[in-house]
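Asker: Have a look at this one before I ask anything.
The values are calculated or read from the model by the stated rules, or taken from the named source; none is laboratory data. Just so it is clear, the model here is predicted, and its values are computed rather than measured. Here the Cβ is made from the backbone with ideal geometry for all residues, glycine too, and neighbour counts use every protein chain on show.
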Amino acid sequence: MERDELLAALRLQMEWGADEALAELPVDRFAAPPPAPAPVLPAAAPRPAVVPTLAAPALSLVPAPAAAARLAAEAQDLAALKAAIAATESPLRDTATNLVFADGNPDSGLMMIGEAPGADEDRLGRPFVGVSGQFLDRMLASIGLERSRDFYLSNILPWRPPGNRTPTDAEITLFTPFILRHIALVRPRHLVLLGGVAAKTLLRAKDGITRLRGRWHRMEGEGGVSWPALATLHPAYLLRTPAAKKDAWADLVLLRRTLDGRVTPS
Ligand code: URA
């Protein structure tokens with residue numbers, strides 16, 4: 001195969017979610033099976049001594065979250081925070097194309113937080129620009145909210161997980177100090193948590209999104225400050241599950257009423 005064909009095949013594997021090489025040499029899974037092991041020695045053979053084996057220390061590619069927390073805490077504005085995220089080593093950073101930091105109006109008072117960028121967001125470096133983001137924009141337009149004016153968007157993870165897989169606990173732990181700092185710098189009046197990963201992470205909840213959605217919670221932020229946070233269903237889930245749209249609509253109505261001062265978050 002030519003070099004550009006090999007590179008295209010590699011890119012496709014990364015699209016499909018392969019983010020690490022597991023062995024130095026490829027494994028031919030169609031090759032004939034290895035010969036059966038030699039027969040066991042007769043019972044009279046001396047038993048081999050049991051030699052304790054030392055487990056190799058686990059290799060961690062994820063830097064200590066404490067270092068990430070320190071970097072996040074040092075950021076005094078959004079530009080510094082973005083630079084701190086870009087400087088934080090992570091396997092996700094190596095497979096992604098662009099850092100996806102935020103979009104919309106940071107002074108709007110309303111901040112929405114999703115899970116992680118997808119392929120379109122990774123390509124363009126902006127959150128919620130793909131199919132589910134466009135659907136989110138249309139839902140919010142139905143209650144009079146427009147991205148460039150009325151809300152601001154970010155994600156728990158700033159880099160796309162290969163193949164859009166669900167973020168691991170280690171990835172969420174590494175990047176949580178950055179989103180908490182992001183919220184502290186933006187100081188929104190209200191937060192909307194889109195989907196289970198954002199809601200469970202920021203509310204430190206064990207319940208799933210179907211239990212958390214539809215009501216205001218208090219999200220404990222940096223330095224003991226708490227923020228009103230509405231949990232709702234993720235737009236990608238709504239696209240897959242049209243029957244859930246009525247619940248999302250109820251959440252949007254609650255948001256609109258809250259923004260209009262007709263409901264006070266608990
Ligand atoms: N889904 C998310 O959670 N965030 C994005 O930015 C895009 C899709």
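Asker: Do we have any residue at all in segment 89-105 that's at pLDDT 95 or above, farther than 22 Å from Ile183 by Cα, assigned to a loop (DSSP other than H, G, I, E, B) and more than 10 Å from the ligand (Cβ to nearest atom)?
Answerer: Scanning segment 89-105 turns up at least one residue that is at pLDDT 95 or above, farther than 22 Å from Ile183 by Cα, assigned to a loop (DSSP other than H, G, I, E, B) and more than 10 Å from the ligand (Cβ to nearest atom).
Asker: A further question on this structure: Residues Leu202, Leu153, Leu145, Leu191: which one is away from the ligand (no atom under 16 Å from the Cβ) and hydrophobic (A, V, I, L, M, F, W, C)?
Answerer: Leu145
Asker: So how many residues does segment 204-232 have that are among the aliphatic types (A, V, I, L, M) and surrounded by fewer than 18 Cβ atoms within 10 Å (Cβ to Cβ)?
Answerer: 2
Asker: Going through Phe175, Phe135 one at a time, which residue ends up being surrounded by 15 or more Cβ atoms within 10 Å (Cβ to Cβ), among the aromatic types (Phe, Trp, Tyr) and more than 23 Å from Ala79 (Cβ to Cβ)?
Answerer: Every option except Phe135 fails the conditions.
Asker: How many of the residues making up segment 67-94 are loosely packed, with under 12 Cβ neighbours inside 10 Å and over 19 Å from the mean Cα position of the chain (by Cα)?
Answerer: 4
Asker: Can you name the residue in segment 112-133 that is under 11 Å from the mean Cα position of the chain (by Cα) and near the ligand (Cβ under 6 Å from one of its atoms) and, of all such residues, is nearest to Val100 (Cα to Cα)?
Answerer: Pro117
Asker: I would also like to ask the following. Residues to consider are Pro265, Pro235; find the one that is surrounded by fewer than 21 Cβ atoms within 10 Å (Cβ to Cβ) and on the phi < 0 side of the Ramachandran plot.
Answerer: Pro265
Asker: I'd like to check something: does segment 140-151 contain any residue that is part of a loop (DSSP other than H, G, I, E, B), over 16 Å from the mean Cα position of the chain (by Cα) and crowded, with 17+ Cβ neighbours inside 10 Å?
Answerer: Scanning segment 140-151 turns up at least one residue that is part of a loop (DSSP other than H, G, I, E, B), over 16 Å from the mean Cα position of the chain (by Cα) and crowded, with 17+ Cβ neighbours inside 10 Å.
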